[in-house]
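The values are calculated or read from the model by the stated rules, or taken from the named source; none is laboratory data. Keep in mind it's a predicted model, so treat the numbers as computed, not measured. We place every Cβ from the backbone using ideal geometry, glycine too, and count neighbours over all the protein chains shown. Accessible surface areas use protein heavy atoms only, side chains included; no ligands, DNA or RNA. Shrake-Rupley method; radii C 1.70, N 1.55, O 1.52, S 1.80 Å.
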Amino acid sequence: MASILTPRTLKRGLQLFFLVSILGVVAVLLRTGAWRATLDAFARVRPGWMVVALVLASSDWLGGGLRIWLLTRHVHKDTPFWGMVAAGGLTAWAAYLTPAQTGGGPTMILTMKRFGVPLPEAMTSTAMSFLTTIIFFAIAGPLAIVLGAGSSLAGHGVGIVSLYGVFKVSATMFGVIGLVLVLALGFPAVTARLLHRIVTWLEGRGNTKVAQRLDAMRAGIDRMHDCTMLYFRTWGGLFQLFIGVLTSGLAHANRLMAGYVAMRALGLHANFFDVLIVQVIVSFLLYFAPTPGGAGAAEALSAAVMQVYVPSALLPAYTIIWRFTMSYATVIFGTFVFYRLLHGRLEDASEAREAAAGSPA
């Protein structure tokens with residue numbers, strides 16, 4: 001199987017992300033017929049709120065980096081803060097360029113390793129970061145429904161598909177993944193024994209070179225077991241996981257607040273919490289979208305749900321500002337940082353992907 005992070009797949013992911021995103025925006029324009037109104041809207045956009053949108057877009061880097069730094073320093077004291085900021089941003093970047101965000105985890109591990117975090121600690125921290133994200137959305141999604149977002153979703157759909165039905169499917173996926181993670185991470189000794197058995201089985205089918213690499217993998221598994229114990233078997237570790245869940249709000253701030261900021265940039269007013277609740281649901285639904293960064297699905301879904309708050313003539317402009325805040329800015333800036341940071345040596349990313357096979361985003 002080809003690596004998720006090869007130059008070819010990354011290039012195709014970048015191309016597909018922008019192509020499908022453009023098609024999504026064009027589809028919204030065709031549906032609303034607001035070509036002229038969209039140009040007029042951008043001519044009257046509020047610069048101050050566009051600055052807020054740009055700052056909010058940095059949450060992938062600063063918010064995500066803060067969460068990774070707080071989680072990782074529990075098992076590796078010399079974790080550099082700004083290195084984790086780069087890891088947070090590049091993780092989001094790679095997630096936006098790969099289906100269902102599958103490239104995020106390997107990229108996080110790669111970047112953390114380049115900034116001095118040992119591989120076992122990086123892989124464990126990546127798993128904990130993903131676990132805190134799952135917990136955050138597992139709480140935020142149902143809470144949003146309880147607070148009233150369900151009535152908005154129930155009245156909208158794409159074709160014959162109910163958005164509320166899609167939400168329930170996504171909620172089930174979050175629940176299953178969360179349960180598997182809790183079982184795997186909550187019983188690290190069992191998980192370590194299972195991984196050792198897999199390595200033993202692979203040794204019987206490999207050559208000497210492979211066996212040497214697998215010996216190193218055994219030591220890494222044991223270290224990951226020790227790191228996991230530090231999170232789940234100590235009060236300090238449990239507190240770090242709690243902080244990780246809280247800082248997930250900062251890491252996903254652009255996804256949660258982009259809708260309100262985009263509305264204010266266009267001079268529209270709405271209740272902040274009403275819009276926030278709907279954005280939680282939109283983020284929830286897009287998390288497992290099959291296209292890179294939810295391209296196409298994001299534009300269509302946002303237009304369908306937010307037409308309750310945004311006039312039809314302003315939906316295209318709103319969608320563009322919303323998507324810029326949520327993902328376009330990270331993809332553009334992340335592309336520059338990734339190639340500058342790795343100097344085009346994408347085979348390193350491929351190696352990290354192989355080492356992290358099966359690691360969550």
Compute, for Asp226, the solvent-accessible surface of its heavy atoms (probe 1.4 Å) with the complete set of protein chains present, and express it in square angstrom to the nearest 10.
70
Sorted list, accessible surface of protein heavy atoms, 1.4 Å probe, largest first, for Val20, Val28, Val146, Val308 is Val146, Val308, Val20, Val28
Can you give the accessible area of His252, probe radius 1.4 Å, in Å² rounded to 10?
10
Accessible surface of Met50 - all protein chains present, 1.4 Å probe, nearest 10 Å²:
60
In debye, nearest 20, what is the charge dipole magnitude of the stretch 8-55 about its Cα centre with +1 on Lys and Arg Cβ and -1 on Asp and Glu Cβ, if you could check?
180
When every protein chain stays in place and a 1.4 Å probe is rolled, Arg264, Arg36, Arg323, Arg223 sorted by accessible area with the largest first are Arg36, Arg223, Arg264, Arg323
Applying 1/(1 + (r/R0)^6) with R0 = 30 Å to the Cβ-Cβ distance of Val51 and Phe232, what FRET efficiency is obtained, to the nearest 0.05?
0.10
In what sequence, largest accessible area first, do Trp61, Trp93 appear using a 1.4 Å probe?
Trp61, Trp93
Apply the Karplus parameterisation 6.51 cos²θ - 1.76 cosθ + 1.60, with θ equal to phi minus 60°, to every residue of the stretch 241-256 and state each ³J(HN,Hα) to the nearest whole Hz, in sequence, with x for glycine and proline.
5, 4, 5, x, 5, 4, 6, 4, x, 6, 5, 10, 4, 5, 5, 7
